[in-house]
Number of protein chains: 2
Amino acid sequence: MQLNRTAYVVLGMIRLGRRTGYEIKSLVDVSTRFFWAASYGQIYPELRRLEEAGLIEGEDDPESGRRRRSYRLTAAGERALHDWLTSPEPHVLELRDEGVLKFFFADALDPDEQIALLRRMRERYEGVSERLEAIQPGAQAARDARGEEFAYFTLEWGISHAGFMADWCSRMERRVAASR
Amino acid sequence: MQLNRTAYVVLGMIRLGRRTGYEIKSLVDVSTRFFWAASYGQIYPELRRLEEAGLIEGEDDPESGRRRRSYRLTAAGERALHDWLTSPEPHVLELRDEGVLKFFFADALDPDEQIALLRRMRERYEGVSERLEAIQPGAQAARDARGEEFAYFTLEWGISHAGFMADWCSRMERRVAASR
DNA sequence: TATAGCATGTAATTAGTTACATGATTAA
DNA sequence: TTAATCATGTAACTAATTACATGCTATA
């Protein structure tokens, strides 16, 4: 059975505990979104496909009257997730960074414009860093309460990665300014 | 006129000199590919659209008998490229890194599997680094000959970025191994 | 009572890849 | 002569986003 990557995001999120589509989307938006985004338009159809394939099992839990369907992993789903995590297949690795793309073509700009571009790139990454730092307390709590260590390590990675990019922009701003 | 990002890749490549679709694809594959990929299936239709929009102008140059059509920027094309490069619109910034995604869910793995995952991630980035270093001599020549300074800076960025990722994997491998 | 949030979903669109077809030229 | 490279292109498909529709519940 061929699964796309987003299917594994869904399986992974459900593995952490019974989840609704809405909850999966909320979790994605404060975690994997920074290295693997997913929208409602993918998640809900994916939940149906995964249930048909027997990898997850849904249950309607009214909870109060509001319509709500939450899912848990089946043994087959657990296996599929583990197989993917340990699979030796080369990892998908795609970066689409419009800032770097513009920078690549920045010979067409004059020095002031080049510096302005770098400043915008830097501010972009500083913004990412801030949003990640805002998430940190919650992630720390999840780590301590439910032992989600690697999710926390990944957040650390995100912060240092955004920091690396912002620093690189700073250094380049100074370099361009110096040679102006 | 709404242009997609790949249109700007095409415009930017043509700005560096008269180019065929084939040449654009070859250039993309050794440069922007690492932060903005593009396939034939995008490039050829895009060339036609850009010509219809009057941003580029194609000319058949038989050169020998082989069918061949090369393009140059029009004044409008030059302007469109410059407007995009200086536009204050927020940059598209998307990362899809299956290694980091797996790492995020790696609480489901045992320590040996976690370390194996990190090793695969590291080797992936080391491979990127090697490919970029192989490109360096050519990029250096282009910088010296045609003053493509920012293209060269971008290559430097790529190498240090891949280095950052590989180093992060190394550190994490040691950290996981230590706590095993 | 109104607004924010919970919750599910889809239709239309855009973006992008893959795989193929075609044929010429150049170098081994 | 054969394989690699130059060169153009498209059809089919997969992936993903955007924008919308629907309706409930809790809180200010």
Item to check | Filtered residues of region B:18-41 (kept if in contact (Cβ under 8 Å) with a residue 24 or more places away in the chain and within 13 Å of chain A (Cβ to nearest Cβ)) | outcome: B:Val30, B:Ser31, B:Phe34, B:Phe35, B:Trp36, B:Ala38
Next on the checklist: Looking only at residues that are free of Cβ contacts under 8 Å to residues at least 24 places away in the same chain and within 10 Å of DNA strand C (Cβ to nearest atom) in region A:63-79, which one is farthest from the chain's Cα centre (by Cα)?
Outcome noted: A:Ser64
Item to check | Pairs, first closer than 14 Å to A:Gly127 by Cα in region A:162-180, second surrounded by fewer than 18 Cβ atoms within 10 Å (Cβ to Cβ) and of a type in the set (D, E, K, R), C-beta under 8 Å, six or more apart | outcome: A:Ala162/A:Glu126; A:Ala166/A:Glu126; A:Cys169/A:Arg119
Next on the checklist: What pairs come out if I take residues in region A:106-129 that are more than 14 Å from A:Asp167 (Cβ to Cβ) and pair them with residues that are hydroxyl-bearing (Ser, Thr, Tyr) and modelled with pLDDT of 95 or more whose C-beta lies under 8 Å away, six or more apart or interchain?
Outcome noted: A:Leu109/B:Thr86; A:Glu113/B:Thr86; A:Ala116/B:Thr86; A:Leu117/B:Thr86
Checklist outcome for this item: In region B:18-35, anything more than 13 Å from DNA strand D (Cβ to nearest atom) and in contact with a Ser or Thr (Cβ under 9 Å, 6 or more places away or on another chain) is listed as B:Ser31, B:Thr32, B:Phe34, B:Phe35
Checklist entry - Is it the case that region B:93-103 has a residue that's within 19 Å of B:Ser170 (Cβ to Cβ), in a helix (DSSP H, G or I) and more than 7 Å from chain A (Cβ to nearest Cβ)? => result no
Next on the checklist: Restricting to region A:36-59, give me the number of residues that are among the hydrophobic types (A, V, I, L, M, F, W, C) and more than 9 Å from DNA strand D (Cβ to nearest atom).
Outcome noted: 5
Item to check | Among (1) within 16 Å of DNA strand D (Cβ to nearest atom); (2) of a type outside the set (A, V, I, L, M); (3) at pLDDT 95 or above - the single one A:Thr86 does not satisfy | outcome: (1)
Item to check | Among the residues listed as A:Leu47, A:Leu11, the single one being within 11 Å of DNA strand C (Cβ to nearest atom), surrounded by 14 or more Cβ atoms within 10 Å (Cβ to Cβ) and modelled with pLDDT of 95 or more | outcome: A:Leu47
Checklist entry - Would you say A:Arg122 is away from DNA strand C (no atom under 16 Å from the Cβ), buried (at least 18 other Cβ atoms within 10 Å of the Cβ), more than 10 Å from chain B (Cβ to nearest Cβ) and of a type outside the set (Gly, Ala, Ser)? => result yes
Checklist entry - In the list B:Ala134, B:Ala141, B:Ala145, which residue meets the criterion of being within 16 Å of DNA strand D (Cβ to nearest atom) and surrounded by fewer than 16 Cβ atoms within 10 Å (Cβ to Cβ)? => result B:Ala134
Item to check | Unique residue being over 18 Å from B:Asp97 (Cβ atoms), out of contact with any Gly (no Cβ under 6 Å at 6 or more places or on another chain) and not β-branched (Val, Ile, Thr) when the list is A:Glu98, A:Glu113 | outcome: A:Glu113
Checklist outcome for this item: Filtering region A:58-92 down to residues that are more than 7 Å from chain B (Cβ to nearest Cβ) and in a helix (DSSP H, G or I) yields A:Ala75, A:Ala76, A:Gly77, A:Glu78, A:Arg79, A:Ala80, A:Asp83, A:Trp84
Next on the checklist: Take the conditions within 12 Å of DNA strand D (Cβ to nearest atom) and in contact (Cβ under 8 Å) with a residue 40 or more places away in the chain and apply them to A:Val92. Does it pass?
Outcome noted: yes
Checklist entry - Do we have A:Ile115 as in a helix (DSSP H, G or I) and closer than 22 Å to B:Phe35 by Cα here? => result yes
Item to check | Which listed residue is surrounded by 13 or more Cβ atoms within 10 Å (Cβ to Cβ), at pLDDT 95 or above and out of contact with any helix residue (DSSP H, G or I) (no Cβ under 9 Å at 6 or more places or on another chain), from B:Ala53, B:Ala76, B:Ala116, B:Ala38 | outcome: B:Ala76
Checklist entry - Is it the case that A:Ala151 is modelled with pLDDT of 95 or more, surrounded by 19 or more Cβ atoms within 10 Å (Cβ to Cβ) and not in a loop (DSSP other than H, G, I, E, B)? => result yes
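The values are calculated or read from the model by the stated rules, or taken from the named source; none is laboratory data. Keep in mind it's a predicted model, so treat the numbers as computed, not measured. Positions of Cβ are generated from backbone atoms using ideal geometry, with glycine treated the same way; all protein chains shown enter the neighbour counts.
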